[in-house]
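Trainee: Once you've had a glance at the structure underneath, I'll fire off some questions.
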Amino acid sequence: MKPVEIAPGIFDVGVNDWNISDFHGYSTPFGSSYNAFLIVDEKVTLIDTVKDKGHFPDKLLNNISQVISPDKIDYIISNHTEMDHTGSLEKVLRRVGEETPIFCSKMGKKGLSNHFHRDWNFKVVGTGDELSLGKRTLTFLETRMLHWPDSMYTYIKEDKILFSSDSFGQHYAGNEKFDDVIGDAIMPHAKKYYANILMHFSPQVLKLLKTVGEMRLEFNMICPDHGILWRKDPQKIIDAYVRWANQERVKKAVLVYDSMWQSTEVMANAIAAGIDDKGVEVRPMTLRKWHRSDVMTEILDAGAIVVGSPTLNNNIFPTVADMLVYMKGLRPQNKLAAAFGSYGWSGEAVKKINKEFEAMKLEIVDPGLRVQYVPDGNSLDACFEWGQKIGAAIVGE
Ligand code: FEO
């Protein structure tokens, strides 16, 4: 992509990563982008860089060159240390000048120093600190744990533009650059991003949005470091974040499972029918098809998480164990939970899944349902009734 002038004198000089399909364990079938922003003012400023992969650093420098010679850059802002936004920093500094000031948070300085082991010209900034570029003034806002301890936002008060780092982003590579171009089609990508990157920091999201409200910041545009920029209706993504951070639950059950010889799958189908019978939306998701990050997206607004696993070697089936470890890290809250599965002789899986639910502080609505070997008609009736019980708990019967 060529640099896009997102506002007079402000350019997106980042790159699209069209072909990335796995972002540290999160499936990204639509790729991603690493947005970086160039502000041409009396002091020329670059906000963030891009991943150091293939031609990306050269592409970033080339994009900058189409606007202004990179050696005219006076300041670099590093909103976040993670390597998808700082990987090219060393190459950029080589071109821009090693003495160029890098404005970052205290934890940003620590992270960048530990990563690059270079004694660069770091300038530590904190919430409320300002930096004049000439016609514009940058204000910094630390956003600890959204989603790293170093994370911060940069705000231009004259243009009312927020550079929000990972927050409000989406792993989406496209020729569209703005929300008004792509429309609502971007929202599932934003939801998946929230579920897999920010869900476990929901309390911090709510606290930050309260702070932003108290500061009476207005937004003409919100520019995340991934995906499209919000200019038509920035409030729309803020409102979505409030809903997602509150983990408001709808009448929906996510039924995630794997199966060795289809017995647990047959149980899942009967349970799903029972949940559906109570007027509750049910999303059966076998881990043979669905990626853990897609399951988490569905869990974000679900009322119940129902997990099914056969017992293998006295344990939870490995794909289900993987799902539970990933889920536990993302800390879903405000959910009902229940476990089921087929077994041959010892059948420990359900008990072990319940232990994981307890560790996640989910509300277990039933001790679990187990069927030995292949379910018969009676067992399937029991599965259906068990599903009805979960459905009833979701609708509050
Ligand atoms: Fe897009 Fe936390 O890096």
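Since every read-out is calculated from the coordinates, none of them should be taken as a lab result. Keep in mind it's a predicted model, so treat the numbers as computed, not measured. Note that each Cβ is placed from the backbone with ideal geometry, even for glycine, and that neighbours are counted across all protein chains shown.
Trainee: List the GluC sites (Glu not before Pro) within region 174-263 that DSSP assigns to loop and that have no more than 12 neighbouring Cβ atoms inside 10 Å.
Mentor: GLU218, GLU248
Trainee: What stretch of the chain, leaving out the sites themselves, is the longest with no chymotrypsin sites (Phe, Trp or Tyr not before Pro) in a DSSP loop having at most 12 other Cβ atoms within 10 Å?
Mentor: 19-260
Trainee: Determine one quarter of the surface area of the Cα convex hull of region 245-344, which equals its mean projected area, and express it in nm² to one decimal.
Mentor: With the hull built on Cα positions only, its mean projection is 6.0 nm².
Trainee: Excluding same-chain residues fewer than 8 positions from LYS53, which lysines have a Cα within less than 17 Å of its Cα?
Mentor: LYS91
Trainee: Next question, about the same structure. If you average the alpha carbon positions of region 329-386 and of region 285-316, how far apart do those two centres end up, in angstrom?
Mentor: So the two Cα centres are separated by 11 Å.
Trainee: Order of LEU362, LEU162 from fewest to most other C-beta atoms within 10 Å?
Mentor: Going from least to most buried by this count: LEU362, LEU162.
Trainee: For region 67-160, what log10 I(q)/I(0) values come out of the Debye formula at q = 0.10, 0.12, 0.14 1/Å, with one point per alpha carbon and no solvent?
Mentor: Log10 of I(q)/I(0), two decimals: -0.25, -0.36, -0.50.
Trainee: I would also like to ask the following. Which of the GluC sites (Glu not before Pro) found in region 297-376 are in a DSSP loop and have at most 13 neighbouring Cβ atoms, other than their own, within 10 Å?
Mentor: Working: sites: GLU298, GLU348, GLU356, GLU358, GLU363; in loops: GLU348.
The qualifying sites: there are none.
Trainee: If you place +1 on the Cβ of every Lys and Arg, -1 on the Cβ of every Asp and Glu, and leave all else neutral, what size is the dipole of the chain about its Cα centre, to the nearest 20 Debye?
Mentor: About 480 debye.
Trainee: If you don't mind, another one. Past the 27 angstrom mark, what percentage of all C-alpha to C-alpha distances in the chain do you count?
Mentor: For the chain, the fraction of Cα-Cα distances above 27 Å is 53 percent.
Trainee: Zone of ALA359 (label point 7 Å along Cα→Cβ, backbone N under 20 Å): which residues in region 301-325?
Mentor: Of the residues in region 301-325, 305-325 have backbone N under 20 Å from the label point off ALA359.
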